[in-house]
Amino acid sequence: MSMDKVDIFDTTLRDGEQVPGCKLDSKQKLVIAERLDQLGVDIIEAGFPISSPGDFKSVNEIAKIVKEATVCGLTRSVRKDIEVAAEALKYAKKPRIHTGIGTSESHIKYKFNSTPDKILERAIDAVKYAKTFVEDVEFYAEDAGRTDNEYLARVCEAVIKAGATVLNIPDTTGYCLPEEYGAKMKYLKENVKGIEKAKLSCHCHNDLGLATANSISGVINGARQIECTINGIGERAGNTSLEEVVMILRQHPDLNLDTDINSKLLYSTSQMVSHKMGMVVQPNKAIVGSNAFAHSSGIHQDGVIKKRETYEIIDPEDVGVNESSIVLTARSGRAALAYRAKKVGYELTKVQLDSVYTEFLKFADQKKEIVDTDIHQIIEASPINIESIA
Ligand code: KIV
Ligand code: ZN
């Protein structure tokens, strides 16, 4: 059975770049945009053109160089924003304007001092106006996660009528539970007239650590686009992590959903974004963290050396990591020591291994991790003669 495609909307350069202290210059943004295009993302949200001349320039230049992906610019439901975004995107092969407004009670009351009906009018006007510049218009209902479903459905129906091609349902504050977010998508699928003319999109924030789970729940319930960032960077606790949703769908073919991402580029893209933004990837980060394919306890190491799948569900090469690593610590066993010794040039017999292992444990108790030079030192200091096979 053929897989249903889920579009990947990358917002590393817009929502991701809102991380304090991680500002990128135009040149860095261009390099990242080119890489995202090679990675196979469907849409690159390049920035918020009206926010600053620098952002306008970046969106404008990215629009010129991106070959495959749609290039998107963010706006508020404000005509001037939409005009500026259209101008910034004018060279894009496939331009998209992303416009929208807050729809939750607190946004309507406190942010806009307005009423649901007036907000609805602004939404319709923004989409109609954006449509005069580009065919592809995405509408976001900011704080949809905390918006009453009935009102949200009314807004969605109205903006589809006005021409919206994609409906973004952001859980702006990262509040929803996966069941709740999935149920919201299902409700919209079942209650919005004309929904077949538009694609539902997940945009989840990670304040409760649920951004990835919520996005997956969204696509299981009918959404066909996920908005995400490399390494999950973004405001506060971040956005949905691109590498996580892509690999979840790959690891679960039973869901019958897939993306066009070239997963072999995930690790190098993660490293590139991390270096350019000066933002370290936490070692235990799923898929791309330095420990994601590292094994340090003796029981796990023995299992992985015998058969990798015993403790790994992803082949590291599938995400561009050369191989699983066997980290030598005081909790490592003989199998791990023999494996690493062989890698640096020693094929140890059982007697040799027993002798070296005793020395290894003494050494390892004093050091957090035993590296290749330590292995040479331990073996060379061994009372029994051990020849290198190299
Ligand atoms: O989180 C959010 O609501 C957003 C919108 C502006 C799309 O980033
Ligand atoms: Zn966001």
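Read the figures in this text as sums done on the coordinates, not as results from a lab. Please read all numbers here as calculations on a predicted model, not as lab measurements. Neighbour counts run over all protein chains shown; Cβ positions are idealised from the backbone, glycine included.
Over its Cα atoms, what ratio of radius of gyration to 2.2 N^0.38 Å does the chain give?
The value comes to 1.19.
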Using θ = phi - 60° and Karplus 6.51 cos²θ - 1.76 cosθ + 1.60, couplings along region 14-23 (whole Hz; Gly, Pro as x): 10, 5, x, 6, 6, 5, x, x, 10, 4
- prompt: Residue by residue through region 2-7, which ³J(HN,Hα) values in whole Hz follow from phi under the Karplus form 6.51 cos²θ - 1.76 cosθ + 1.60 (θ = phi - 60°), with glycine and proline marked x?
  reply: 6, 6, 7, 7, 10, 6
Distance violations [Cα-Cα > 28 Å] among Lys93/Lys128; Lys184/Lys276; Lys57/Lys161; Lys118/Lys189: Lys184/Lys276; Lys57/Lys161
- request: Report the Stokes-Einstein translational diffusion coefficient (µm² s⁻¹, integer) for region 53-115, Rh taken as the Kirkwood radius over Cα pairs, at 25 °C with viscosity 0.890 mPa s.
  value: 192
- request: Could you run the Karplus curve 6.51 cos²θ - 1.76 cosθ + 1.60 with θ = phi - 60° over region 280-291 and give me ³J(HN,Hα) per residue in whole Hz, x for Gly and Pro?
  value: 5, 7, 4, x, 8, 4, 4, 6, 10, x, 5, 9
query: What full-extension length gain, to one decimal in nm, is calculated for Met3 and Glu135 as 0.36 nm per residue of separation minus the Cα-Cα distance?
result: 44.8 nm
task: Consider just the alpha-carbon atoms of region 294-381 and return their Rg together with their Dmax, both in angstrom.
output: 13.1, 39
message: I'd like the GluC sites (Glu not before Pro) in region 76-167 restricted to DSSP loop residues with at most 12 other Cβ atoms within 10 Å, sorted by number.
response: Glu135
- request: Along Cα→Cβ, 7 Å out, is where each label goes; now give me the distance between the ones at Glu312 and Ser290 in nm to one decimal.
  value: 1.8
- prompt: How big is D for region 148-272, in µm² s⁻¹ as a whole number, if Stokes-Einstein is applied with the Kirkwood radius of its Cα pairs at 25 °C and 0.890 mPa s?
  reply: 165
- request: Restrict the search to region 192-294; then list the trypsin sites (Lys or Arg not before Pro) that DSSP places in a loop and that have at most 13 other Cβ atoms within 10 Å of their Cβ.
  value: Lys193, Arg236
- prompt: Helix 334-343 versus the longest principal axis of the chain: what is the Cα-based angle in degrees, 0 to 90, to the nearest 10?
  reply: 80
field: Approximate spin-label separation Asn256-Lys111, in nm, with each point projected 7 Å along Cα-to-Cβ
entry: 3.6
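Could you order peptides 2-14, 339-351 by the average number of other Cβ atoms within 10 Å of their residues, highest first?
Per-residue Cβ counts within 10 Å, averaged per peptide and sorted highest first, yield 2-14, 339-351.
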Calculated diffusion of region 2-68, Stokes-Einstein form, Kirkwood radius summed over Cα pairs, 4 °C and 1.567 mPa s, µm²/s: 105
message: Please give me the summed charge of the neighbours of Gly40: other residues whose Cβ is under 9 Å from its Cβ, Lys and Arg +1, Asp and Glu -1.
response: -4
query: With the calculation restricted to Cα positions, what are the radius of gyration and Dmax of region 12-107 in angstrom?
result: 13.0, 41
task: In nm, give the distance between the simple-model label positions of Ile220 and Glu179, each being 7 Å from the Cα along the Cα-to-Cβ direction.
output: 1.1
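Can you tell me what share of the DSSP beta bridges in region 4-277 is antiparallel? A percent to the nearest 5 is fine.
The antiparallel proportion sits near 5 percent.
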